[in-house]
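Right, I'll just put the structure down here and ask away after.
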Amino acid sequence: MKYKIVSDSSSNVPALDSVPYTAVPLHIMIDQQIYVDNGKVDLEEMNSALSVCATSSTACPAPGDWLDAFEDAETIFCITITSKLSGSYSSAQLAKADYEELHPERHVYVIDSLSTGPEMALVIEKLQELILKGMDGPEILDEIQSYSQKTHLLFCLESLENLAKNGRVSRAAAKLAGILGIRIIGQASDQGELQLLSKCRGEQCTISRAVKYMKEHGYTHGPVRIVHNQNPEAAKQLALRIQNTFGTADIQITSTGALCGYYAEKAGFIIGYEC
Ligand code: X90
């Protein structure tokens with residue numbers, strides 16, 4: 001096995017067709033129960049558990065989990081959720097150091113996505129494409145660094161409760177989102193921080209606003225990936241609006257995995273797009 005792509009499960013990419021790939025799970029703890037984000041978590045069940053739990057939290061992969069996923073590949077592209085919000089990136093770097101010490105002729109490229117979810121998914125798709133083209137490691141890294149300048153992430157959430165509980169946004173911001181019918185729109189900033197952009201009343205406003213932000217970021221008609229936590233209707237409406245506004249041909253809608261589902265909360269959705 002020459003090349004391998006390894007990502008943490010926040011990408012919501014369970015498998016790839018043409019290049020060896022592993023998603024390394026993050027974990028969600030809800031009261032006494034541990035949910036392994038392995039693509040098999042029942043979101044409906046997890047959402048109900050969350051609605052009645054006393055405590056909940058998440059944990060990033062340990063270096064050993066990354067190491068196991070590297071297997072025996074010669075060149076590994078390892079992509080993580082933004083290092084500003086999780087220890088996943090540091091953990092992957094520790095695994096890289098161990099792996100390269102053990103196998104001095106092999107190389108692990110650890111990429112901080114400065115984002116998560118569907119923006120990571122786009123970068124993973126691009127990595128696969130570049131590997132299939134037969135490019136070498138440093139060339140791929142170069143290309144990927146410029147590609148990720150063109151990708152963006154927006155999110156539309158009904159609640160910021162879990163983000164606030166885990167110290168990822170302020171209590172004040174979470175209170176704002178707690179008002180019935182108010183949705184929060186935000187983005188991954190260029191520095192990989194969670195940035196709140198505006199609040200909206202109702203789904204229609206949210207969808208229009210998301211399209212407006214895409215335009216402002218210079219989106220024309222590139223691929224779009226939408227993930228949602230039990231809100232296929234909003235995801236479909238947004239996809240239609242994007243199609244009608246920009247003529248986009250390549251839009252995919254899927255459910256979030258457990259980690260993004262936990263933080264996006266029920267009805268939340270996240271959009272990754274290429275400008
Ligand atoms: O290490 C861990 O325990 C994981 C912590 C993850 C914290 C944030 C996850 C956010 C997931 C919510 C909307 C997207 C925000 C993007 C900001 C860059 C999804």
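Just to be sure before I move on: is Ser51 within 16 Å of the ligand (Cβ to nearest atom) and either touching a helix residue (DSSP H, G or I) at 6+ places or on another chain (Cβ under 7 Å) or at pLDDT 95 or above (or both) in the structure I sent?
no
Could I ask something else about it? I'd like to know if segment 70-82 contains one or more residues that are among the small types (Gly, Ala, Ser) and away from the ligand (no atom under 16 Å from the Cβ).
Looking through segment 70-82, at least one residue is among the small types (Gly, Ala, Ser) and away from the ligand (no atom under 16 Å from the Cβ).
A follow-up question, please. Give me a count of the residues in segment 243-270 that are farther than 20 Å from Ile184 by Cα, touching a Phe, Trp or Tyr at 6+ places or on another chain (Cβ under 8 Å) and assigned to a strand (DSSP E or B).
0
Among the residues of segment 1-56, write down those that are assigned to a loop (DSSP other than H, G, I, E, B), touching a residue at least 40 places away in the same chain (Cβ under 8 Å) and of a type in the set (Ser, Thr, Tyr).
Within segment 1-56, just Ser18 meets the criteria.
Hey, another quick one. Failed condition for Ser255, given (1) within 21 Å of Ser9 (Cα to Cα); (2) crowded, with 20+ Cβ neighbours inside 10 Å; (3) within 15 Å of the ligand (Cβ to nearest atom); (4) not charged (D, E, K, R), with all others met?
Here Ser255 clears every test but (2).
Let me ask something else about it. Out of the residues in segment 110-127 that are of a type outside the set (Val, Ile, Thr) and either touching a Phe, Trp or Tyr at 6+ places or on another chain (Cβ under 7 Å) or closer than 13 Å to Tyr21 by Cα (or both), state the one that is nearest to the ligand (Cβ to nearest atom).
That would be Asp112.
Same structure, new question: What pairs can you find where one residue is in segment 127-146 and closer than 18 Å to Ser115 by Cα and modelled with pLDDT of 95 or more, the other is among the hydroxyl-bearing types (Ser, Thr, Tyr) and not in a helix (DSSP H, G or I), and their Cβ atoms are less than 7 Å apart, with a gap of 6+ or different chains?
Cβ pairs passing all conditions: Leu141/Tyr109.
When you go through (1) within 26 Å of Ser48 (Cα to Cα); (2) within 11 Å of the ligand (Cβ to nearest atom) one by one for Ala188, which number turns out not to apply?
(1)
Which of (1) over 23 Å from Ser51 (Cβ atoms); (2) within 14 Å of the ligand (Cβ to nearest atom) does Ile207 not meet, given it meets every other one?
(2)
Next up: For Tyr213, indicate whether it is closer than 18 Å to Gln237 by Cβ, modelled with pLDDT of 95 or more and either basic (Lys, Arg) or assigned to a helix (DSSP H, G or I) (or both).
It is true that Tyr213 is closer than 18 Å to Gln237 by Cβ, modelled with pLDDT of 95 or more and either basic (Lys, Arg) or assigned to a helix (DSSP H, G or I) (or both).
Moving to a separate point now. Are any residues in segment 1-39 in contact with a Pro (Cβ under 9 Å, 6 or more places away or on another chain), over 22 Å from Lys126 (Cβ atoms) and more than 14 Å from the ligand (Cβ to nearest atom), and if so, which ones?
The answer is Asn38, and nothing else.
The values are calculated or read from the model by the stated rules, or taken from the named source; none is laboratory data. These numbers were taken from a predicted model, which means no experiment stands behind them. Positions of Cβ are generated from backbone atoms using ideal geometry, with glycine treated the same way; all protein chains shown enter the neighbour counts.
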